[in-house]
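See structure below.
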Amino acid sequence: MFNAIPIEWVGYAASLFIVLSLTMTSIIKLRIINSIGCLLFIIYGLNLNAYPVVISNALIVMINIYNLYMLSKGKKQ
């Protein structure tokens, strides 16, 4: 693990953000931190040509953005 190439550290950071997001009690913080993790996974997936990782995380980011938008408008989910 300590001899990991730099892109692996991006993957570890992405995993950390995803796990950290699930500890949030605020849905807004959860969605923001989760989106950061997903963006890191997109970078990770693109570097490894792991397109299922890229696609699924891109969709999750879009869902998070939509839900943050709805929350900002005061509409309940």
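The values are calculated or read from the model by the stated rules, or taken from the named source; none is laboratory data. Every value quoted in this text rests on a predicted model; they were computed, and no experiment measured them. What goes into the accessible areas is simple: the full protein's heavy atoms, side chains included, and nothing from ligands, DNA or RNA. Shrake-Rupley method; radii C 1.70, N 1.55, O 1.52, S 1.80 Å.
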All-pairs alpha carbon distance profile, the stretch 22-77, 5 Å steps from 0, percent: 4, 21, 24, 21, 15, 9, 5, 1
Linear extension gain, Lys73 paired with Ile32, 0.36 nm per residue minus alpha-carbon span: 13.1 nm
Accessible-area composition of the chain, carbon plus sulfur, in percent [1.4 Å probe]: 72 percent
